[in-house]
Amino acid sequence: MNRPIRILFSSLSILIVIAVLSTQSACPNAHAAKFTDNDFQEQRLAMVESQIMERGVKDRSVIEAMMAVPRHKFVSENYLNRAYDDSPLPIGYGQTISQPYIVAYMTEILNLNKNSRVLEVGTGSGYQAAILSPIVKQVYTIEIIPELAKSAAVRLKDLGYHNVEVAIGDGYFGWNKYAPFDAIIVTAAAGHIPPPLIEMLKNNGRMVIPVGGSFLIQNLILVTKDKDGNVTTRNLIPVRFVPLTGRHN
């Protein structure tokens, strides 16, 4: 594993894609000019009401975070008009920003509080870390793609999420320096639950992770460790995530 470089602070038809991208290449800021902050706020409220709350997410801190975090700041300019859609979106390098509901659901299932220290595997654009930030004490997030890690670190710092620390490295092996963690959230699908992550989970801790192959059924799994260190797993819902990459493959 490459030694983490720490930076301090806190998935469309082909024709539609071609049409959208050709329009945006002629005017890359077209979507940015369409929407005001009020427009985005209204879209975010609608997202929370129809995508999050109506599907059963009840944790008030999660709902407030989903309402407060500007998701349009975490998507590329080409997708600003879809920032609050009920779907994942490309963020480059073969990666995506997850569907809003999945972000909320995975966050809620961890049972977090203001004293929680959380490890996120797969920073991406930084959106999940931003959702976690107001809910917990500290977020440690690790990303294997340097360009994504660096841009997310700057974005999170500029937006005021100062309890998030970003590292470049292979998340399969976790972040030993700050272990153990009260909770771990993995935002890419692994072929199995990484043993190093189980080891880094505190007693009474929780981990949520998608498990399965890229073109196979994936299941979101909840891993819990009791007060004596005994580990249990439970299948939650079927999901589809980009694959977890790194030396373990």
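Condition first: among the hydroxyl-bearing types (Ser, Thr, Tyr) and under 20 Å from Arg247 (Cα atoms). Can you find one or more residues in segment 146-164 that meet it? No; the residues of segment 146-164 include none that is among the hydroxyl-bearing types (Ser, Thr, Tyr) and under 20 Å from Arg247 (Cα atoms).
Residue-wise test of (1) part of a strand (DSSP E or B); (2) surrounded by fewer than 21 Cβ atoms within 10 Å (Cβ to Cβ); (3) touching a Leu at 6+ places or on another chain (Cβ under 9 Å).
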| residue | (1), (2), (3) |
| --- | --- |
| Lys157 | no, yes, yes |
| Ala167 | yes, no, no |
| Asn203 | yes, yes, no |
| Val223 | yes, yes, yes |
| Arg234 | yes, yes, yes |
| Thr245 | no, yes, no |
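Can you find even one residue in segment 232-240 that is more than 16 Å from the chain's Cα centre (by Cα), farther than 17 Å from Met106 by Cα and at pLDDT 95 or above? Looking through segment 232-240, at least one residue is more than 16 Å from the chain's Cα centre (by Cα), farther than 17 Å from Met106 by Cα and at pLDDT 95 or above.
In segment 56-67, of all residues being touching a helix residue (DSSP H, G or I) at 6+ places or on another chain (Cβ under 9 Å) and loosely packed, with under 13 Cβ neighbours inside 10 Å, the one that is farthest from Asn113 (Cα to Cα) corresponds to Gly56. Looking only at segment 158-190, filter to residues that are of a type in the set (Ser, Thr, Tyr) and out of contact with any His (no Cβ under 6 Å at 6 or more places or on another chain); which one of those is nearest to Val208 (Cα to Cα)? Selected residue: Thr187. When Ala149, Ala167, Ala179, Ala183 are screened for being of a type in the set (A, V, I, L, M, F, W, C), at pLDDT 95 or above, in contact with a Lys or Arg (Cβ under 7 Å, 6 or more places away or on another chain) and over 29 Å from Gly56 (Cα atoms), only Ala167 passes.
If I filter segment 139-152 for residues that are in a loop (DSSP other than H, G, I, E, B), under 15 Å from the mean Cα position of the chain (by Cα), within 22 Å of Ile97 (Cβ to Cβ) and β-branched (Val, Ile, Thr), do I get at least one hit? Yes, there is a match, as at least one residue in segment 139-152 is in a loop (DSSP other than H, G, I, E, B), under 15 Å from the mean Cα position of the chain (by Cα), within 22 Å of Ile97 (Cβ to Cβ) and β-branched (Val, Ile, Thr). Here segment 73-95 is the region considered, the condition is being out of contact with any helix residue (DSSP H, G or I) (no Cβ under 7 Å at 6 or more places or on another chain) and part of a loop (DSSP other than H, G, I, E, B), and the residue that is surrounded by the fewest Cβ atoms within 10 Å (Cβ to Cβ) is Gly94. Of all residue pairs spaced 6 or more apart or on separate chains, those with beta-carbon atoms under 8 Å, a first member in segment 59-86 that is of a type in the set (Gly, Ala, Ser) and a second member that is surrounded by fewer than 20 Cβ atoms within 10 Å (Cβ to Cβ) and part of a helix (DSSP H, G or I) are Ala83/Phe40; Ala83/Gln43. If only residues of segment 96-130 that are in a strand (DSSP E or B) and not polar (S, T, N, Q) are counted, the one that is farthest from Thr245 (Cα to Cα) is Arg117.
The values are calculated or read from the model by the stated rules, or taken from the named source; none is laboratory data. Computed from a predicted structure; not experimentally measured. Reconstructed Cβ throughout: ideal geometry from the backbone, glycine too, with neighbour counts over all protein chains shown.
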